[in-house]
Amino acid sequence: GRLTRLGRGRWVDSGVLGRLRSRSLARARDAVRPVPSAAYATLLLDRQGVPAVGEPAPLRGVDGVAQVIAQFEGTFLPAAQWESTLLPTRVPGYRPSLLDELIASGEVVWVGAPAEGAAGADAASTPGRIAFFPTDSPLAPQPFAGQDALGEEVSSMPGCADEDELTVAGAVRLVLARQGALPFARIVEGVRRAVGEERAGERAVAEALAALAWAGEATSDVLAFPRAGGL
């Protein structure tokens, strides 16, 4: 049968419509029929950029690492897993310096997260996980838009409610909110001005920074910290 135009509408016998639907469904089902597990595995490896044995790798060098980062952006894994498994299997000849180059140039940013199952004090002291983002990705975390240190946005942060009662971590937040990215020595100086030299030893400031990093609130342009598993 076929559709026949009658006036402004189209009409078809219900039996013909039923046959058309049945044939359409049969064709659709045939198009999505199951395939052997080997074909499915090949598809997955191809989409992940993992070459088959004996085939040349499609990804190489810094550009290859950048493509893998873009594909896996926002995926939190232990730092060691990134560099022992995920990147080397997709980028033959992978070297840590390739990832270092992307981070140092500002093309990629890393973000920390607590280890799975870690909470409270353990989350701050236990080596966590990291994810990478291309800096120009809409999913990439944005730098904290700090107002004046006593502004509402900053003062609402944990440990920052009252400058007379600042915690070391709160002082680190305020210093970074005021001045943006800084060398560690400059952060220590700013924290000491806020809470006093007796409370702001280098070790205390480093521990506060580590806790903020594993909470996803601080990062850097080097990977030494997550590679070492923290302090």
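No lab work stands behind these numbers, since they all come straight from the coordinates. The shown structure was predicted, so the numbers you read here are calculated from the model rather than taken from an experiment. Every residue, glycine as well, gets a Cβ built from its backbone with ideal geometry; the counts of neighbours run over all protein chains shown.
Miscellaneous remarks
- Here's how it looks for G216: its modeled amide H is under 5 Å from those of G112, which are all 5 or more places away or on a different chain.
- Neighbour-count order for E202, E189, fewest beta carbons within 10 angstrom listed first: E202, E189
- Residue-wise HN-Hα couplings along the stretch 31-46, as the Karplus relation 6.51 cos²θ - 1.76 cosθ + 1.60 with θ = phi - 60° gives them from phi, are 6, 10, 5, x, 10, x, 4, 5, 5, 5, 5, 5, 4, 4, 5, 5 Hz; Gly and Pro carry x.
- Evaluated at q = 0.17 Å⁻¹, a Debye calculation over the C-alpha positions of the stretch 44-117 (equal weights, vacuum) places log10 I(q)/I(0) at -0.65.
- The order of F133, F184, going from fewest to most other C-beta atoms within 10 Å of their C-beta, is F184, F133.
- Between the stretch 167-231 and the stretch 24-68, the Cα center-to-center distance that results, in Å: 43
- Here the residues Y40, Y94, ranked from fewest to most Cβ neighbours within 10 Å of their Cβ, fall in the order Y40, Y94.
- Proximity of backbone amide H atoms, modeled 1.01 Å from N, is registered between V109 and F133, T135 at under 5 Å, excluding neighbours fewer than 5 places apart on the same chain.
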